[in-house]
Amino acid sequence: MTVPNQLPTGTVTFLFTDVKGSTRLLHSLGAEAYAAALAEHRRLIREACVAESGVEVDTQGDAFFFAFPTAPGALTAASALTDALASGPIRVRVGLHTGTPLVTEEGYVGGDVNRAARIAAAGHGGQVLVAASTASLVDAELLDLGAHHFKDLGEAERVYQLGDGSFPPLRSLYRSNLPVPANPLVGRKKELLEVVRLLVRHDARVVTITGPGGVGKTRFSLAVSGEAADAFPDGVWFVALASLRDAALVLPTIADVVGAEGDLAQHLGDAESLLVLDSFEQVVDAAAEVARLLGECPRVCVLVTSRESLRVAPEHQYPLAPLPESPSVELFRQRAAAVAPAVEVEYTTAAAICERLDRLPLAVELGAARIKALSPVQVLERLDQRLDLLKGGRDADPRHQTLRATIEWSYELLSPREQQLFTRLSVFVGGCVLEAAEEVAGADLDTLQSLVEKSLLASTDERYRMLETIREYAAERLDESGDGDETYERLAVHLLALAAAEGAPMFFNRQEEAFLRLEPEHLNTRAVVEWARRRGRNDIVAQLFASLEEVWLAQGHQLEAAGWIDAAVAGCEGIPVSLAASALSSAAEVAQTTGDVERAVALYDETVALAASSDEVDPFWEAASLIELSRIALDQGDVERARVLAERSLDLRRVRTLPRARALAVLGEIALRDGELTTARHLLEEALDSEESRHALNDAFYRETLAEVARRSGDEAKAETLFREALQAAVNLHSRALVADCFEGLALIAKARGEARRAALLWATGRAVRSVVAAVPSRPREIGELAELGQIRVPEALDEAVTNALTSID
């Protein structure tokens, strides 16, 4: 490549050459003869160009790029080199364009280089194509080939030919009306390749690009059709259908675009053409007519953009998903720089904004447009009002003026039954299975399928979900319909029934499986709680506490649940006494787990008092509250009170034939605190052997306490085995508080063995896990022994920290 200071500057004429049919020539001539011919071709081109002061800018394979200080010199060189090559086996296509490019350390920069290359690529062997910019500077007879559109170039370019030779039509987008996008396509390389391949190989006569509004179907279709244009020499036609409402007007509109004055099928005939039908969803009834047209025109293909499929035989559906994180951030930064070039957008902030916008290209672009008036952080903070915050420019398609308008376009095309189901499904923030949609939203399979096909609902892993931007719009419509309260109440009933079916509130040996099945419903539970608190339906919050509190604690949602305690307690007045006792005890456990001991004691006391005043209360809740009060007293150092409460709970359990393991385990913990290790071991082993051993989480807690007994007894091997067993169970059950206890116990063992580095890592990981769930240590005094290990850096990702620590245990 020529160094930049040797390149012509100012007004420069570029000349590009490329060998026509190089692969075919290689096969026909053989490698040795082709190499000789290629070398001779290079010599002749360089000789002709240098003679006219041309500078070789670059060469790649069998292609040349020259720059000339004058247009006449470039044209003379083009004529000379084509004449010189005419008698040989190699023919080259040549393109000329004149401009004023910028010269940098990397060479020429600017659109002139790309334009010259595109013009050259459109020609044929032995043909010299001349751009209008060059033609105006030379005195030669040129044949006017008309205005042509070229891929990735904005305005049409008038192209001329040197000489009057006869050549096939240019390989441009000449027979095309494709709009020129204002901005380059970001991402989508894999998708682009796949759809282009479908069209150029004629693997599908109809390719329908589906997806929700704002996902970028139109922009993507333009990129596809531009890339595929060479395979359709008879024309690529863009047909905008957004303004139509009458399906009968689709074929006449296509006819107008392609210039058919009579019968459309007769006009297209045997032509190799591509019809790009944009926004087909509101005229989908015309699908059968389009299919018939293809039956009469065997070489015509159709590329469709639609929010639902056409459902015709030759169709290949291609769902277009939202952008991945990296391309969405690139798009946001690119569009933000266009409106506010001085604003720097951090990757993490842009990623958070894009995630909140479901990584929909339209939403991302609209969000970036706000950077002119708001900082990136302010945009992120205001995305709760995303439907109205995000507005397009004056030149935007009315459907894309706001995110709301984009979704509203799809909503208005729904039937009344589809609209009703669409709005009701908005209560499922975390998605739903088919049975839940039927019970809560009154869904039927056909209507659900229709919403999926219209890109308003997605179906993955046997769950139906909405993009959050779409769900927000649906939720607004639900509120307006007056159907919201009834739908949310049905969702609450469904969640309670689901928990009951899994064995709530006790779960027992089904705990691990039950928790895994109930975890996907947490976002829906949160939505119900928020609705119930707004509507004063605290009775529902109380019932959810009674049924799901154990799931919330096991899965690390205690901080969130703590914010619901007041509503749960208030709701106890409106539910049966036995259920109220369960709810109060559950609320107390949440308060206890999050360190609000005073509140926990008050709620446990209230549960015990309620049980004493009513025969309707299951004695289990009285016994459970007593044992938790015992644990709190033990944590506060009041061992004697702890013993009295635990023995009272054990007596009640024996009299009422309730499970005794919990009381035995706490008495074992008390014996541990008193240093009575043999007694502690016997009590804990009895707890493990009892009927409550079926309760997986309790079993894990008992093993962790027994591990501590073994550690203090000097049996480090047994202690490590028990800690590891408890840890594995805690991980499986998602009980992060117990995970932290186990890591800290293992850290104490490592410290005793003199393994300071391993101990520090285990302790740091335990603290990291504990900080996420705000759980207090089970044995703060013992944990104090680890303080001398000092601080070490904990990996930023909690999962990484846990993985590293688990690895270090091995």
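Could you say which residue among F743, F701 is in contact with a Phe, Trp or Tyr (Cβ under 8 Å, 6 or more places away or on another chain) and aromatic (F, W, Y)?
Only one candidate passes the filter, namely F743.
Which residue out of E550, E560, E589 is in a helix (DSSP H, G or I), closer than 27 Å to S771 by Cβ and out of contact with any Asp or Glu (no Cβ under 9 Å at 6 or more places or on another chain)?
Going through E550, E560, E589 in turn, just one is in a helix (DSSP H, G or I), closer than 27 Å to S771 by Cβ and out of contact with any Asp or Glu (no Cβ under 9 Å at 6 or more places or on another chain): E560.
Anything in region 269-292 that is open to solvent by less than 10 Å² (accessible area, probe 1.4 Å), among the hydrophobic types (A, V, I, L, M, F, W, C) and either touching a residue at least 60 places away in the same chain (Cβ under 8 Å) or closer than 18 Å to A204 by Cβ (or both)? List them, or say none.
Matches in region 269-292: L274, L275, V276, L277, F280, A287, V290.
State whether the residues of region 108-116 include one that is part of a helix (DSSP H, G or I), aromatic (F, W, Y) and open to solvent by 10 Å² or more (accessible area, probe 1.4 Å).
Looking through region 108-116, none of the residues is part of a helix (DSSP H, G or I), aromatic (F, W, Y) and open to solvent by 10 Å² or more (accessible area, probe 1.4 Å).
Going residue by residue through region 408-428, is there one that turns out to be open to solvent by 50 Å² or more (accessible area, probe 1.4 Å) and more than 28 Å from D285 (Cα to Cα)?
no
Of everything in region 317-347, what is over 21 Å from L192 (Cα atoms), in a helix (DSSP H, G or I) and hydrophobic (A, V, I, L, M, F, W, C)? Give them in sequence order.
A336, A337, A338, V339
Would you pick out the residues in region 460-487 that are in contact with a Lys or Arg (Cβ under 8 Å, 6 or more places away or on another chain) and either open to solvent by 50 Å² or more (accessible area, probe 1.4 Å) or assigned to a helix (DSSP H, G or I) (or both)?
E468, T469, E472, Y473, L478, D485, T487
Take the residues of region 211-233 that are of a type in the set (V, I, T) and surrounded by 23 or more Cβ atoms within 10 Å (Cβ to Cβ): which is nearest to L456 (Cα to Cα)?
If we take residues in region 211-233 being of a type in the set (V, I, T) and surrounded by 23 or more Cβ atoms within 10 Å (Cβ to Cβ), then V215 is nearest to L456 (Cα to Cα).
Matching residues to (1) free of Cβ contacts under 8 Å to residues at least 12 places away in the same chain; (2) part of a helix (DSSP H, G or I):
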residue	(1), (2)
T406	no, yes
R417	no, yes
L421	no, yes
R424	no, yes
G430	no, no
A437	no, yes
A443	no, no
D446	yes, yes
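Do you know which of the residues in region 673-688 that are open to solvent by less than 30 Å² (accessible area, probe 1.4 Å) and at pLDDT 90 or above is nearest to V639 (Cα to Cα)?
Filtering first and then ranking leaves A680.
Any residue that is out of contact with any Gly (no Cβ under 9 Å at 6 or more places or on another chain), of a type in the set (A, V, I, L, M) and touching a residue at least 24 places away in the same chain (Cβ under 8 Å) - is there at least one of those in region 119-130?
no
Which ones in region 33-69 are within 53 Å of the chain's Cα centre (by Cα) and among the polar types (S, T, N, Q)?
T59, Q60
What's the total number of residues in region 435-457 that are crowded, with 18+ Cβ neighbours inside 10 Å and touching a helix residue (DSSP H, G or I) at 6+ places or on another chain (Cβ under 9 Å)?
So the answer is 13.
Considering only residues that are open to solvent by 80 Å² or more (accessible area, probe 1.4 Å), assigned to a helix (DSSP H, G or I) and touching a helix residue (DSSP H, G or I) at 6+ places or on another chain (Cβ under 6 Å), which ones fall in region 634-666?
Passing the criteria: R641, R648.
Can you find, within region 602-633, the residue that is nearest to S586 (Cα to Cα) among those that are among the β-branched types (V, I, T) and assigned to a helix (DSSP H, G or I)?
T607
Filter region 527-547 down to the residues that are in a helix (DSSP H, G or I) and surrounded by fewer than 18 Cβ atoms within 10 Å (Cβ to Cβ), then identify the one that is nearest to the chain's Cα centre (by Cα).
E530
Out of curiosity, is A77 small (G, A, S), open to solvent by less than 10 Å² (accessible area, probe 1.4 Å), under 30 Å from L29 (Cα atoms) and touching a residue at least 24 places away in the same chain (Cβ under 8 Å)?
Against the criterion (small (G, A, S), open to solvent by less than 10 Å² (accessible area, probe 1.4 Å), under 30 Å from L29 (Cα atoms) and touching a residue at least 24 places away in the same chain (Cβ under 8 Å)), A77 qualifies.
Only residues in region 627-650 that are over 19 Å from L603 (Cβ atoms) count as the first member; pair them with residues that are at pLDDT below 90 and open to solvent by 40 Å² or more (accessible area, probe 1.4 Å), Cβ under 7 angstrom, at least 6 apart or cross-chain, and list the lot.
These pairs meet every condition: V639/R673; V639/D674; L650/R660.
The values are calculated or read from the model by the stated rules, or taken from the named source; none is laboratory data. These figures come from a predicted structure and were not determined experimentally. Here the Cβ is made from the backbone with ideal geometry for all residues, glycine too, and neighbour counts use every protein chain on show. SASA here: full protein model, heavy atoms, side chains in, ligands and nucleic acids out. Shrake-Rupley method; radii C 1.70, N 1.55, O 1.52, S 1.80 Å.
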